[in-house]
Every structure is written in structure tokens, then in C-alpha cells.
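We did not get these values from a lab; they are worked out from the coordinates using the rules stated. Quick caveat: nothing in here was measured; it's all calculated off a predicted structure. Neighbour counts run over all protein chains shown; Cβ positions are idealised from the backbone, glycine included.
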Amino acid sequence: MAAIPEHFTAEEKEAITTELDRRALVRPQHDNDSERIREAAQRKVALEASNQTDADEYAECLYELGDIEAALALVRNVRKKELWGERLEAILRPDEPCCNGPKHLIRRQLSPRHGGLTPVVQCLACGTVNVTNK
């Protein structure tokens, strides 16, 4: 953390430090998730308004907005279809931990089952991917 200039009082320094710590917790490495989702919503509206919906681009918007089943029905890209199918399985998987191994945050995904933006985690011990708030 950068040094706080000396002209601040002790109380101000404490308040600044507390705020910086709070921001570090609220905005971890994946701080662009909300922006990614907002852009997908805007692209979806623009594609619908233009009546020139490219199936793969529209499917990607649906995927980012959490409508993975509809996205899977439209997407033609085989790799995306496979990855999105795995992500849908992870969303539907029970939220119980697979094992006691350490977990790695991959990203956050809109999940209707979980009620919003939910962490996608992968177990570093067994490789299981899950979408869970636990």
C-alpha cells in the first residue's frame, strides 16, 4: 500500500486505511465483472434493435447474462458450446465442497439459481469446477 502523506491527521489516516482495505475486499482481481455484464446487456439490446443478430454474438450475450441454456441452443462454436455446457453443469452442481482442497476463483458468473453474480471456483486438488456462494 502507498504511504499516506503526513499532512493527514491520525484519524484521517485511519479512515483512509480502512477505506483502502474495504476496497481491496470489495474489488478483488475480478473487478470488471459488472462492466462485462453491462456491456453484454447493451450488445444484446443493440443486436435485437438492428434485427441483424449474429447467432454466436447473440449467444455470447445470453451467456454473460446468465441464460446459458438459450445460449447453448444458439451457439455454433464447438469450443464455446463445450465450455458453456460445463459451466451450466457447475451451476447446477450442489454447492457442497468436492473435497478439502484449496479453491481458485476463476471468475464470477450470473447464476439465476444462485440469485445473481456468483463465484466460479475450481478445486486445485481434484479439478472440480463449481458455481457457489459457499
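Residues whose amide H lies under 5 Å from that of T132, counting only those 5 or more places away or on a different chain, are V121; hydrogens are built 1.01 Å from N in the peptide plane. Multiplying the residue separation of E89 and R107 by 0.36 nm and removing their Cα-Cα distance gives an extension gain of 4.9 nm.
Label separation (L117 vs T18): 2.4 nm, computed from points 7 Å beyond Cα along the C-beta direction.
Scanning residues 5 or more positions from R107 or on other chains, those with amide H under 5 Å from its amide H are V120, with H placed 1.01 Å from N in the peptide plane.
Using Cβ contacts closer than 10 Å as the measure, can you line up I4, I68, I91 from fewest to most?
With the sparsest Cβ surroundings first, the list reads I4, I91, I68.
Across every direction, the projection of the convex hull enclosing the Cα atoms of the chain has a mean area of 11.8 nm².
For the pair C99 and A49, a Förster radius of 41 Å applied to the C-beta separation gives a FRET efficiency near 0.30, rounded to the nearest 0.05.
Taking the longest Cα principal axis of the chain as reference, the axis of helix 33-50 is set at about 40 degrees.
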